[in-house]
Ligand code: HEM
């Protein structure tokens, strides 16, 4: 049986549905036209995001609508196993993100199928897979596990404890992580499931987080979505394709270590929102907490969403007064998602909030000082609590034949 790639199959179907006859041209080329700038609003599910490039995809990529984040513990003691895994993950990701199944087609009826199959017939859905390396891959409990301790990037700090943190260690940390983003949760599940299978014997899942409804816009043509507090989120985010973005997100040519150049540093925080408390607060209190109007997204004292924030006109303990990027001279890329994991049985309340993801060039100069300030003074603290945390070095992208993290191990 000739394997039909999901992409090619859908390409043909897509062309037929559109009623366009393209003689001799494979439909795949039509339906998979690459468009970085598609927005979730425009229903871009048939689009494919290129896997190879100077940077890993899933950072500057226009934020997709869904997230499945997975953090792994490495269980092997052999450095070569970790290298082999990163090679195998890179190959698998190059296929999965293009809408193809992992591995070769089924060879035998008596072995389990190479690909688990649940994404067959689905669109590639702008899937991106972004890989990160946690501090504990380099040193854990003072042990240099894989001879990598001396190569640990200085910006890959252990995050300090912040006031009011209530971190669950079972939902924090990890030696390796994969951020899967796309527009179809089943495509994301398929990707993480198959990467986990490939990693069997080398890694085990430590924690995972599903997210829906992006809480940021990361390009100039995306509209601003709303978070679970009902406010527009992402108005003053960094935008891909700008100098400010490049200078603040990517490890630069002058930054050490050399193997991280073109990479970035990711911080994740599982932030629970006390939904019930928020819902009992007046509109006035809610707006004072954020510093923006709920309906329009305009900052206090301004008429519309993108009017610049005037720090003199917003309450001084409001979230946007304290996080103001120009005043702080701290810019980060926010790329988080709303989440809900049912109810918290201890309190009978919704376990929901914002899975915060930030990308930056140096967390010691960006996330850490900013979060110190917010944790100490932000009016938002009455309604939120940080319950999970992670920090990862995200190596640069690869060209065909290369593998993620290759230059770390070289
Ligand atoms: C559940 C937690 C959070 C919620 C609900 C939230 C919500 C918001 C909202 C509604 C805005 C205004 C719109 C915008 O410019 O995007 C905003 C802005 C911002 N937030 Fe948050 N945020 C949260 C956590 C954080 C954290 C943990 C950080 C960083 C440590 C952060 C950093 C920022 C920054 C830098 C801005 C833009 C400030 C500016 O320059 O105008 N936020 N956030």
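For the chain, find the longest principal axis of its Cα atoms and tell me its angle to the long axis of helix 367-377, 0 to 90°, nearest 10.
For helix 367-377, the angle is close to 40 degrees.
May I ask you to compute the full-extension gain from residue 139 to residue 372, defined as 0.36 nm times their residue separation minus their alpha-carbon distance, rounded to one decimal in nm? Intermediate results must be reported in sequence, preceding the final value.
Details: separation 233, 0.36 × 233 = 83.88 nm, distance 2.49 nm.
Computed gain between residue 139 and residue 372 is 81.4 nm.
To the nearest Å, what is the center-to-center distance of the range 334-410 and the range 194-243, using C-alpha atoms only?
That distance is 10 Å.
Output the relative contact order of the chain, whole-number percent, from Cα pairs under 8 angstrom with separation of 6+ residues.
22 percent
So how tilted is helix 79-96 from the main axis of the chain? Cα-based, degrees 0 to 90, rounded to 10.
The helix 79-96 is inclined about 90 degrees to the chain.
Which parts of the range 209-228 would a label at residue 294 reach, counting a residue when its backbone N lies under 16 Å from a point 7 Å out along Cα-to-Cβ?
Only 226-228 pass the distance filter.
Suppose a student asked you for the relative contact order of the range 88-172, using Cα pairs under 8 Å spaced at least 6 residues apart; what percent would you report?
It rounds to 18 percent for the range 88-172.
Would you kindly state how much longer the chain becomes between residue 328 and residue 151 on full extension, computed as 0.36 nm times their sequence separation minus their alpha carbon distance, in nm to one decimal? Write out the running numbers ahead of the final one.
On the way: separation 177, 0.36 × 177 = 63.72 nm, distance 3.07 nm.
Length difference between fully extended and current span is 60.6 nm.
Please find the FRET efficiency linking residue 80 to residue 400, where r is the Cβ-Cβ separation and R0 is fixed at 35 Å, and quote it to the nearest 0.05.
Efficiency for this residue pair is about 0.95.
Which of the peptides 243-253, 68-78 is most tightly packed, and how do the rest follow, going by the mean number of other Cβ atoms within 10 Å of each residue? Please list the in-between numbers first.
Values: 243-253: 16.4, 68-78: 19.2.
Highest-to-lowest ranking by the protection proxy: 68-78, 243-253.
Modelling each spin label as a point 7 Å along the Cα-to-Cβ direction, I'd like the residue 52/residue 226 distance in nm, to one decimal.
Each label point is offset 7 Å from its Cα along the Cβ direction, giving 4.4 nm.
Just to be sure I understand: with springs between alpha-carbon atoms less than 10 Å apart, which residue in 147, 58, 182 has the highest mean-square fluctuation in the Gaussian network model of the chain?
Its mean-square fluctuation being the largest, the pick is 147.
Report the full-extension gain for the segment residue 307 to residue 281: residue separation times 0.36 nm, less the Cα-Cα distance, to one decimal in nm. Don't jump to the answer; show the numbers that get you there.
Values: separation 26, 0.36 × 26 = 9.36 nm, distance 2.62 nm.
Taking 0.36 nm per residue and subtracting the Cα distance, the gain is 6.7 nm.
Classify the range 257-314 as rounded, prolate or oblate, taking a ≥ b ≥ c as the square roots of the eigenvalues of its Cα gyration tensor: rounded when a/c is under 1.5, otherwise prolate if a/b is larger than b/c and oblate if not.
oblate
If the elastic network links every pair of Cα atoms under 10 Å, which of 241, 397, 388 fluctuates the most in the Gaussian network model of the chain?
Comparing 241, 397, 388 in the GNM, the peak value goes to 241.
Can you tell me how the range 112-240 classifies by the Cα gyration tensor, rounded, prolate or oblate, using a/c under 1.5 as the rounded cut?
Details: a/c = 2.01, a/b = 1.14, b/c = 1.77.
Taking the square roots of the gyration eigenvalues as a ≥ b ≥ c, the range 112-240 is oblate.
Just to be sure I understand: with springs between alpha-carbon atoms less than 10 Å apart, which residue in 275, 198, 110 has the highest mean-square fluctuation in the Gaussian network model of the chain?
Of 275, 198, 110, the most mobile in the Gaussian network model is 110.
Using the basic label-point model (7 angstrom from Cα toward the beta carbon), what is the residue 166 to residue 116 distance in nanometres?
A separation of 3.2 nm, rounded to one decimal place.
Based on DSSP H runs of at least 4 residues, each adding -39500 (n - 2.57), what is the mean residue ellipticity at 222 nm of the chain after dividing by all its residues, to the nearest 500 deg cm²/dmol?
About -6500 deg cm²/dmol.
Express the relative contact order of the range 150-248 as a whole percentage, based on alpha carbon pairs under 8 Å and six or more residues apart in sequence.
Relative contact order comes out at 15 percent.
Using only Cα atoms, tell me the angle between helix 6-18 and the longest principal axis of the chain; keep it within 0 to 90° and round to the nearest 10.
Computed tilt is about 80 degrees.
Bear in mind that the values in this text are calculations on the coordinates, not laboratory data. The structure presented is a predicted model; accordingly, all values stated were derived computationally and were not measured. Note that we place each Cβ from the backbone using ideal geometry, even for glycine, and neighbour counts take in every protein chain shown.
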